[in-house]
Amino acid sequence: MLLERLIIAPCALVLSTGMLVAQVATENIGGPEGLDIYQELTSGEGEEGAAEGAAIWDVNDSLTFIPGYDMYCHWNTDVLFSQLGVAGHLEHDTLKVVLGEHECDLTMPCDGHVTSPYGMRRGRMHYGVDLDLETGDAVMAAFPGMVRISKYNKTFGHVVVVRHFNGLETLYAHLSKRSVEPGTLVEAGDTLGLGGNTGRSYGSHLHFEVRFLDQPIDPALVFDLENGSLRALEFDIHKGTFAKMAAAKVAAQKSQASRKYHVIRRGDTLYALSRRYGVKVQDLCRINGISERSTLAIGQRIRYN
Ligand SMILES: [Zn+2]
């Protein structure tokens, strides 16, 4: 029975290796319907295969399913996000993402408050929010779903990406330890790993992203981050959802292009640069992310506008 419900319109599953592995398909499992199937798989009640439901996902098992596969048509356990945009899906449509049945149907990934919001930061786009934590604090899945990625990445350090049944994906970065593997089924609140300071990170924190079809969404639009609740039970995704991000990206590229730099030579000091370019020392420090006591290295590029 379960098989009939899951295998509706077979399409080929292609792994990151490009190898054709198995015929897997899903019906639309966003929202409560997906949750039902998930609960059947994990509760141990009724259907065959249920007892092993909470075990590691085996991609060769045709009884299993991948959350949101009908939307994504990929299950890449190596590449974090592709640039294949959302455009085709959203040219004319608004997609409704069912977040939960109650406002409390999510778990905040950690207890800490927001230390850095989504948006432009020092001329670059910050695609998630930073949440305060201590190294070793548990980091939890926000919604039920399946782990797509669990790996080490130069930027994100130890990072986990979970594909949820509602089609969203969430990313948890800079972990000190990962405790899940690609294919692990998780409930909201299950521990994915421990918080840390790995990758390009300065101080322990969780970098948390929400994405839909690989495109980043401001987590604050979906969650009330301070109260740990959902903003609404449904979230409408349309072209405009990503417009702000696209506009910010263009602005960032423009500002990047107009930047001016001084290359440090022997004898240069911040005070000399300040006089030469008419920029306050504090401003030089701020835009370059350095302190007044920082030692300048020969050849270092210091931005002065
Ligand atoms: Zn961050």
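Figure the gain on full extension for Arg259 and Ala297 (residue separation times 0.36 nm, minus the Cα-Cα span) and round it to one decimal in nm.
11.7 nm
Charges only on Cβ, +1 for Lys and Arg, -1 for Asp and Glu: so what's the dipole of region 109-265 about the Cα centre, in debye to the nearest 20?
Working: 19 positive and 16 negative charges, 275 e Å.
Around 1320 debye, computed over region 109-265.
Relative to the compact-globule scaling 2.2 N^0.38 Å, provide the ratio for the alpha-carbon radius of gyration of region 261-303.
Cα-based Rg divided by the globular estimate yields 0.99.
So, in nm, how far is label Ala138 from label Glu226 when the simple model puts each one 7 Å beyond its Cα toward the Cβ?
Taking the two extended label points, one gets 2.7 nm.
With a cut-off of at most 15 other beta carbons within 10 Å, and DSSP calling the residue loop, which GluC sites (Glu not before Pro) in region 199-305 qualify? Please list them.
Of the GluC sites (Glu not before Pro), the ones in loops of region 199-305 whose Cβ has at most 15 other Cβ atoms within 10 Å are Glu226, Glu292.
Compactness ratio of region 142-273: Cα Rg over 2.2 N^0.38 Å, N = residue count? Show your work: numbers first, answer last.
Numbers: Rg = 19.0 Å, N = 132, 2.2 N^0.38 = 14.1 Å.
Output field value: 1.35.
Would you please report the Å³ per residue occupied by the convex hull of the alpha carbon atoms in region 199-285?
Working: hull volume 16.7 nm³, N = 87.
In region 199-285, the Cα convex hull volume per residue is 191 Å³.
Calculate, in nm to one decimal, what Val114 and Asn153 gain on full extension: separation in residues at 0.36 nm each, minus their alpha carbon distance.
11.8 nm
Kirkwood hydrodynamic radius of region 89-215 from all distinct Cα pairs, in Å?
One decimal place: 14.8 Å for the Kirkwood radius.
Compute the distance from the alpha-carbon center of region 216-265 to that of region 155-179, in whole Å.
Centre-to-centre (Cα) distance: 19 Å.
Any idea what the relative contact order of region 261-303 is, in percent, if you count C-alpha pairs under 8 Å spaced at least 6 apart?
60 percent
No value in this document is a laboratory result; all are computed from the given coordinates. Source: prediction; values computed, not measured. Because the Cβ atoms are built from the backbone with ideal geometry, glycine has one as well, and the counts that use them run over all protein chains shown.
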